[in-house]
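A short reminder: the numbers here are calculations on the coordinates, not readings from a lab. It should be emphasised that the depicted structure is a prediction, and the values quoted were computed from it without experimental measurement. When we count neighbours, we look across all protein chains shown, and the Cβ atoms used for this are built from the backbone with ideal geometry, even at glycine.
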Amino acid sequence: DGDYAFPSIAFKAAAVSACAQVTGVTKTFARGAFHIDGEYVKIIGEPTMREDMVRIGMGIADIRYRAEFKEWSAEVPVRFNAGVISKEQIANLFMLAGFAVGIGEWRPEKDGPYGLFRLAEDNE
């Protein structure tokens, strides 16, 4: 519809990946304990164009142009089974995901500095 968006599965994958840093919560458990509604999550912000040097194939250098959101926010609609995981545990997974995993290209999980996020405070 003309809005900027990111695949919702990226947010779930980040939270599931963060399970590696949480004692007692496995990735398999997390995959079934919560879901992100919708195919895309709307990104609120304005992108700028970034030029990145990448390696493809057998080390061949190429240039990729990517949108970068320096300031952004999103409302991620999470449904979870309160019988097996708490709201606080979900929040903790997403906090860890935003700090240690990230979303998109060249995120912390892939040794990059981009794609970080955090949970907003109640007053934000």
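Below is a table of values for the structure above.
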| read-out | value |
| --- | --- |
| Segment 66-116, relative contact order [Cα under 8 Å, separation at least 6], % | 19 |
| 5 angstrom amide H check on residue 5, placed H, neighbours 5+ away | 43 |
| Amide H contacts of residue 116 (H built 1.01 Å from N, under 5 Å, at least 5 apart or other chain) | 103 |
| R0 of 41 Å, Cβ-Cβ distance residue 48-residue 26: FRET efficiency to nearest 0.05 | 0.60 |
| Mean residue ellipticity (222 nm) of the chain, computed from DSSP H runs ≥ 4 via -39,500 (n - 2.57), nearest 500 | -6000 deg cm²/dmol |
| Mean projected area in nm² (Cα convex hull; one quarter of hull surface) for the chain | 9.4 |
| Shape metrics for segment 83-122, restricted to C-alpha atoms - Rg then Dmax, Å | 11.6, 36 |
